[in-house]
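Novice: Here it is: the structure, laid out below.
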Amino acid sequence: MTDFLRLSNLDTVPASLRGAYVAIGNFDGFHRGHQSVFDLLRRRAAEAGVPAILLTFEPHPRDVFAPSPFMYRLTDGNAKARLAEALDLDGIVILNFDRAFSQIEAEDFVSRFLVDALAVTGVIVGADFHFGRQRRGTPTFLTAAGEAHGFAVEVIDLLDEGSEVISSSRIRAALSEGDIAAANRLLGYHWFMEGCVVKGDQRGRELGYPTANTVTHDNFQLAQGVYAVRARLGDRVFDGVAAYGKPMFNNQRPPFETHLFDFSEDIYGQTIVVCLVDHIRGQEVFSGLDELITAMNRDSDKARAALAAAKPLSELDTRLGFFPS
């Protein structure tokens, strides 16, 4: 297997990725429905003896056309690349999506990107995928284009669970309600986010719980509360407890604050990747600092217990590095 490659454009495609089987979509979440697409992608690529790659877009098209970014994103470009590599794919192409890109005709998208740049062997898309100006690139259009240009096209439906399709919107709703178990079940792995560790008000340090703070976006909709988490710093993994929201202090766009157990290093400026294992409680307002510290001690005990009992949800969960193999 060749080294995993991440491309931000298709101006110069390495020879190792030309002729690939390609899955195209936004893939926000890389959830179990998406993974059914990726499973088929790997099988078709192996049968044809060609690479398996993803073609996706950042930012999400809905964010581009909204008055301001509004979508609670599950996976940004970095997370998508991390997941694609863990899924044993050969590469990912993350194209910049803006209003100019949206005006590319569907025919030009096929000829420029799929035929000329990638020389695809085959393409896989979900049944709801559309591309090109005015969304004219329907699955039916793509199928006809494949016949004309000599590449295979498969259109597949996403998995169902219960009465609803497994979808990014269901997962966002679960996270916004603090239902981590439901979100992780739909994802097929423990949801994670990453960010650069920044300085906060250092109040946690004063309370005996120093935290690694990461900035949240205006449209971050995770339920405020306390979580049992597992965090990666490079190749090292740590258990911890995290809080989102500061009801006793300034609660305007609070950071996500992660306290790593038995850890005392200075990690400002480093990238931390945090996966959510369990929801301990919602945010509460306490009568004073003593009561707050008592609650933090109790939260830490509950987090340690939850993490001790936690198991990977899939092989992907293990490959992401949050659980021992």
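The values are calculated or read from the model by the stated rules, or taken from the named source; none is laboratory data. Everything numeric here is computed off the predicted structure, so don't read it as measured data. Counting neighbours? That spans all protein chains shown, and the Cβs are built from the backbone with ideal geometry, glycine included.
Residues are listed down the side, and each one gets a yes or a no for (1) of a type in the set (Gly, Ala, Ser); (2) more than 23 Å from the chain's Cα centre (by Cα); (3) farther than 28 Å from Asp63 by Cβ; (4) crowded, with 18+ Cβ neighbours inside 10 Å:
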residue	(1), (2), (3), (4)
Leu5	no, no, no, yes
Ala20	yes, yes, no, yes
Ile24	no, no, no, yes
Asp28	no, no, no, yes
Arg42	no, no, yes, no
Ala48	yes, yes, yes, no
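Novice: Quick one: would you say Ala117 is out of contact with any strand residue (DSSP E or B) (no Cβ under 8 Å at 6 or more places or on another chain), in contact (Cβ under 8 Å) with a residue 40 or more places away in the chain and within 23 Å of Ala48 (Cβ to Cβ)? Steps first, answer last, please.
Specialist: Numbers: out of contact with any strand residue (DSSP E or B) (no Cβ under 8 Å at 6 or more places or on another chain): yes; in contact (Cβ under 8 Å) with a residue 40 or more places away in the chain: yes; within 23 Å of Ala48 (Cβ to Cβ): yes.
When the stated conditions are applied, Ala117 passes them.
Novice: If you don't mind, another one. Considering (1) at pLDDT below 90; (2) assigned to a strand (DSSP E or B); (3) hydroxyl-bearing (Ser, Thr, Tyr), say which one Tyr72 fails and leave the rest.
Specialist: Tyr72 satisfies every listed condition except (2).
Novice: Test Phe57 against the criterion of being assigned to a helix (DSSP H, G or I), of a type in the set (Phe, Trp, Tyr) and more than 18 Å from Tyr21 (Cβ to Cβ), and give yes or no.
Specialist: Working: assigned to a helix (DSSP H, G or I): no; of a type in the set (Phe, Trp, Tyr): yes; more than 18 Å from Tyr21 (Cβ to Cβ): yes.
Against the criterion (assigned to a helix (DSSP H, G or I), of a type in the set (Phe, Trp, Tyr) and more than 18 Å from Tyr21 (Cβ to Cβ)), Phe57 does not qualify.
Residue-by-condition table, conditions (1) of a type in the set (Phe, Trp, Tyr); (2) loosely packed, with under 13 Cβ neighbours inside 10 Å; (3) over 21 Å from Ala182 (Cβ atoms):
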site	(1), (2), (3)
Ile272	no, no, yes
Ile280	no, no, no
Val285	no, yes, yes
Asp290	no, yes, yes
Ala295	no, no, yes
Arg298	no, no, yes
Asp301	no, yes, yes
Arg304	no, no, yes
Pro312	no, no, no
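Novice: Then there is this: Has region 187-204 got at least one residue that is part of a helix (DSSP H, G or I), within 30 Å of Phe38 (Cα to Cα) and at pLDDT 95 or above?
Specialist: Here is the first cut: in region 187-204, the residues part of a helix (DSSP H, G or I) are 187, 203-204.
Add one more test, that the residue is within 30 Å of Phe38 (Cα to Cα), and what stays is 187.
Within this subset, residues satisfying the condition of being at pLDDT 95 or above are 187.
Yes: region 187-204 contains one or more residues that are part of a helix (DSSP H, G or I), within 30 Å of Phe38 (Cα to Cα) and at pLDDT 95 or above.
Novice: So, one more: Filter region 275-295 down to the residues that are of a type in the set (A, V, I, L, M) and under 24 Å from the mean Cα position of the chain (by Cα), then identify the one that is farthest from Thr214 (Cα to Cα).
Specialist: Narrowing region 275-295 to residues of a type in the set (A, V, I, L, M): 276-277, 280, 285, 289, 292-293, 295.
Still in the list and also under 24 Å from the mean Cα position of the chain (by Cα): 276-277, 280.
On the way: Leu276: 14, Val277: 18, Ile280: 20 Å.
The selected residue is Ile280.
Novice: As an exercise: evaluate Asp290 against (1) touching a residue at least 12 places away in the same chain (Cβ under 8 Å); (2) outside any loop (DSSP other than H, G, I, E, B) and give the number of the one condition it does not meet.
Specialist: (1)
Novice: Can I ask one more? State yes or no: is Asp11 outside any helix (DSSP H, G or I) and either under 20 Å from Asn78 (Cβ atoms) or touching a His at 6+ places or on another chain (Cβ under 7 Å) (or both)? Steps first, please.
Specialist: Details: outside any helix (DSSP H, G or I): yes; either under 20 Å from Asn78 (Cβ atoms) or touching a His at 6+ places or on another chain (Cβ under 7 Å) (or both): no.
When the stated conditions are applied, Asp11 does not pass them.
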